[in-house]
């Protein structure tokens, strides 16, 4: 500690109070800078990463289920690995859902277009 110099005026120094002591409340949350805006590209990257993870699980499933299964469909029959047969059934189911969903989307677009023309 240093001694004040002779002839120097003493300036009173008040201690700085933290915001909590001054009556302000702290939320406890970290306040970051400006929030980053999500873009289509970032959404695409997330979708690609998720798709790659699903693909890895699918490949592991196929490699672990190599037992041969006999498949009968519309009078035809054949044998193939069980996982491949299941994969074909999932693809067929997805295609069926996509067809029905696409038809519904077209129906809603047509209805929305008709509604817009009636409002004019």
With the structure loaded, tell me whether residue 69 is on the phi < 0 side of the Ramachandran plot, at pLDDT 85 or above, part of a helix (DSSP H, G or I) and surrounded by 10 or more Cβ atoms within 10 Å (Cβ to Cβ) or whether it fails that test.
no
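For segment 8-31, check the following and say yes or no: at least one residue is surrounded by 10 or more Cβ atoms within 10 Å (Cβ to Cβ), at pLDDT below 85 and part of a helix (DSSP H, G or I).
Scanning segment 8-31 turns up no residue that is surrounded by 10 or more Cβ atoms within 10 Å (Cβ to Cβ), at pLDDT below 85 and part of a helix (DSSP H, G or I).
Here's the yes/no breakdown for (1) assigned to a helix (DSSP H, G or I); (2) surrounded by 10 or more Cβ atoms within 10 Å (Cβ to Cβ); (3) at pLDDT 90 or above; (4) in contact with a strand residue (DSSP E or B) (Cβ under 7 Å, 6 or more places away or on another chain):
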| position | (1), (2), (3), (4) |
| --- | --- |
| 90 | yes, yes, no, no |
| 93 | yes, yes, yes, no |
| 98 | yes, yes, yes, no |
| 106 | yes, yes, yes, no |
| 109 | yes, yes, yes, no |
| 116 | yes, no, no, no |
Worksheet item: In this structure, is residue 85 closer than 28 Å to residue 55 by Cβ, assigned to a helix (DSSP H, G or I) and without any contact (Cβ under 8 Å) to a residue 24 or more places away in the chain?
Response: yes
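The values are calculated or read from the model by the stated rules, or taken from the named source; none is laboratory data. Just so we're clear, the structure is a prediction, and the values are computed from it rather than from any experiment. So basically every Cβ, Gly included, is an ideal-geometry build from the backbone, and we count neighbours across all protein chains shown.
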